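These notes concern the structure reproduced below.
The values are calculated or read from the model by the stated rules, or taken from the named source; none is laboratory data. These numbers were taken from a predicted model, which means no experiment stands behind them. Positions of Cβ are backbone-derived with ideal geometry, glycine not excepted, and every protein chain shown enters the neighbour counts. For the accessible areas, the whole protein counts, side chains as well, though only heavy atoms, and no ligand, DNA or RNA atoms are used. Shrake-Rupley method; radii C 1.70, N 1.55, O 1.52, S 1.80 Å.
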Amino acid sequence: VGCHVERDKKKRTMRLTQPVKIKRFSDEFQLDECRGNPVTPAEPGSVLKQEGEGPTDAVLSKEEQTTYRSGTAILLHMMRWTRIETQNAVRELSRFMTTARKSHMKALKRVMKYADKDHNGKLDKKGMVLLYFIRSNVLL
């Protein structure tokens, strides 16, 4: 599934990361253009709509639509294995796989930017994703 597993027997923790997927976000989706560091995967209180956010919210071009689908697919994979806190935001994005708009692409990049940083607001270039505490005698 493309996960990197780091295990610390002393602390009895296991860290799952997907550094290749995180790197792909910045390489393919120009996340440096996005301002700010979101603390939530989606804008609080926002609702994505099929008709968009007004007359200036145009439907994406064919190339942009392909990029949107690719980005959503990557997020679906990450959501399943390591970034479960993004489930609601990614589910909403996946509803618009056939006719995404500029506002949907903006929301997609926000989720990617969120996934590219740790929960303290610092970028984690290793792709920090989730920390599991293992309480099992199997790891002894």
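Determine the pairs where a residue that is over 12 Å from E28 (Cα atoms), located within the stretch 57-68, has a partner that is assigned to a loop (DSSP other than H, G, I, E, B) with Cβ atoms under 7 Å apart, the partner being 6 or more residues away or on another chain.
Taking only residues 6 or more apart or on different chains, the pairs are V59/T99; L60/A100; Q65/A100.
Within the stretch 50-60, is there a residue that is touching a helix residue (DSSP H, G or I) at 6+ places or on another chain (Cβ under 7 Å), open to solvent by 40 Å² or more (accessible area, probe 1.4 Å) and at pLDDT 90 or above? Full working, then the answer.
Start the filter on the stretch 50-60 by keeping residues that are touching a helix residue (DSSP H, G or I) at 6+ places or on another chain (Cβ under 7 Å), which leaves 52-53, 57-58, 60.
Add one more test, that the residue is open to solvent by 40 Å² or more (accessible area, probe 1.4 Å), and what stays is 53, 58.
Okay, now just the ones that are also at pLDDT 90 or above, so 58.
Looking through the stretch 50-60, at least one residue is touching a helix residue (DSSP H, G or I) at 6+ places or on another chain (Cβ under 7 Å), open to solvent by 40 Å² or more (accessible area, probe 1.4 Å) and at pLDDT 90 or above.
So, of the residues in the stretch 4-26 that are under 15 Å from L75 (Cβ atoms) and either open to solvent by less than 90 Å² (accessible area, probe 1.4 Å) or touching an Asp or Glu at 6+ places or on another chain (Cβ under 8 Å) (or both), which turns out to be modelled with the lowest pLDDT? It would help to see each step written out before you state the result.
Within the stretch 4-26, the first condition is being under 15 Å from L75 (Cβ atoms), and the residues that meet it are 18, 20-26.
From the residues that got through so far, the ones that are either open to solvent by less than 90 Å² (accessible area, probe 1.4 Å) or touching an Asp or Glu at 6+ places or on another chain (Cβ under 8 Å) (or both) too are 18, 21-22, 24-26.
Details: Q18: 78, K21: 80, I22: 79, R24: 79, F25: 79, S26: 75.
Filtering the stretch 4-26 for residues that are under 15 Å from L75 (Cβ atoms) and either open to solvent by less than 90 Å² (accessible area, probe 1.4 Å) or touching an Asp or Glu at 6+ places or on another chain (Cβ under 8 Å) (or both), the one modelled with the lowest pLDDT comes out as S26.
Being open to solvent by 100 Å² or more (accessible area, probe 1.4 Å), in contact (Cβ under 8 Å) with a residue 12 or more places away in the chain and under 21 Å from K117 (Cβ atoms) is the requirement here; does V90 meet it? Working first, answer last.
Numbers: open to solvent by 100 Å² or more (accessible area, probe 1.4 Å): no; in contact (Cβ under 8 Å) with a residue 12 or more places away in the chain: yes; under 21 Å from K117 (Cβ atoms): yes.
Here the answer is no, as V90 does not meet what is asked.
For the stretch 34-44, how many residues meet the condition of being open to solvent by 80 Å² or more (accessible area, probe 1.4 Å) and within 21 Å of V90 (Cβ to Cβ)?
Quick first cut of the stretch 34-44, residues open to solvent by 80 Å² or more (accessible area, probe 1.4 Å) only: 35, 37, 39, 43-44.
Subset that is within 21 Å of V90 (Cβ to Cβ): 37, 39, 43-44.
Selection size over the stretch 34-44: 4.
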